[in-house]
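The structure appears right after this line, and notes come after that.
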Amino acid sequence: MAKKAKKTVSKSSSSTCEYGNYSTWKKALKRLDEGNARYKAGKYDHPNQQPECREMWTGKQEPWCIVLSCADSRVTPEMVFDTGIGELFVIRVAGNIANASTIASIEYAAANLKSVQGIVVLGHECCGAVGAALSIQDSGNAAPSPALQHLVGHIAPALQKKPAGKDKMAGYVRANARLAAEDLVARSQIIQNSKLPIVPAYYRLKSGDVEFLNPIA
Ligand SMILES: [Zn+2]
């Protein structure tokens, strides 16, 4: 992976862009963990959100992590990991599914942005998309529109898994994140060729905690 020195643009003590050197997935994952710890504690740095940082990245971008997240308004990766402009390449879609559009977005980043070190697929507690897919499956009816049918069709395989533990919805969400992560590799030669680590994760709404699950082998 291409590497660069720490980039700093400073115009005054109160307006500084500081980007770490995340040259490996281990370093990137540590940064995600540290940012999530700040978010959980409510002690944010809000890094790299100043106008200078916008200016710094007008001609290019060098994000260090791709995040495929649910569109749910309560799950905002840039906040959850306390990051700023140009750090995360985020794709959001209900149910964090691997469909043609999300795969194409990730293919672009994986193939063209050499700064990227890995991919996180972020499912979350009480996911409405997974809940809707379950309701539609249980009702035996079709979804209310072709587009919704497409969405729940991507989630349906996760509902065939037998979740361990009492919280079945959490089990389905975890299975859905894992299957989406596996789909990224299975359905994209470009993502496969990138050899980027892919890690499903589970976000808890109340605590703000992100639990990283076993990576896709
Ligand atoms: Zn959701």
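The values are calculated or read from the model by the stated rules, or taken from the named source; none is laboratory data. From a predicted model like this one, the values you see are computed outputs, not experimental measurements. Here the Cβ positions follow ideal geometry from the backbone for every residue, glycine too, while neighbour counts run over all protein chains shown.
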Q.
Whether any residue in the range 137-153 is outside any helix (DSSP H, G or I), touching a residue at least 12 places away in the same chain (Cβ under 8 Å) and away from the ligand (no atom under 15 Å from the Cβ) is what I want to check.
A. no
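Quick one: in the range 59-75, which of the residues that are over 11 Å from the mean Cα position of the chain (by Cα) and within 16 Å of the ligand (Cβ to nearest atom) is surrounded by the most Cβ atoms within 10 Å (Cβ to Cβ)? Before the answer, list the steps.
Taking the range 59-75 and keeping what is over 11 Å from the mean Cα position of the chain (by Cα), we get 59-64, 72-74.
Now narrow it down to the ones that are within 16 Å of the ligand (Cβ to nearest atom): 72-74.
Numbers: Asp72: 21, Ser73: 6, Arg74: 14.
Once the filter is applied, the top-ranked residue is Asp72.
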Q) Given Val130, Val120, which one is touching a helix residue (DSSP H, G or I) at 6+ places or on another chain (Cβ under 9 Å), of a type in the set (Val, Ile, Thr), at pLDDT 95 or above and away from the ligand (no atom under 14 Å from the Cβ)? A) Val120
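So, in the range 76-104, of the ones that are within 16 Å of Leu184 (Cβ to Cβ) and among the hydroxyl-bearing types (Ser, Thr, Tyr), which residue ends up farthest from the ligand (Cβ to nearest atom)?
Here is the first cut: in the range 76-104, the ones within 16 Å of Leu184 (Cβ to Cβ) are 89-93, 95-104.
From what is left, the residues that are among the hydroxyl-bearing types (Ser, Thr, Tyr) are 101-102.
On the way: Ser101: 17, Thr102: 14 Å.
Top of the filtered list is Ser101.
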Q) With respect to the numbered conditions (1) within 19 Å of Asn214 (Cβ to Cβ); (2) touching a residue at least 40 places away in the same chain (Cβ under 8 Å); (3) not hydrophobic (A, V, I, L, M, F, W, C), which one is the sole condition not fulfilled by Lys161? A) (2)
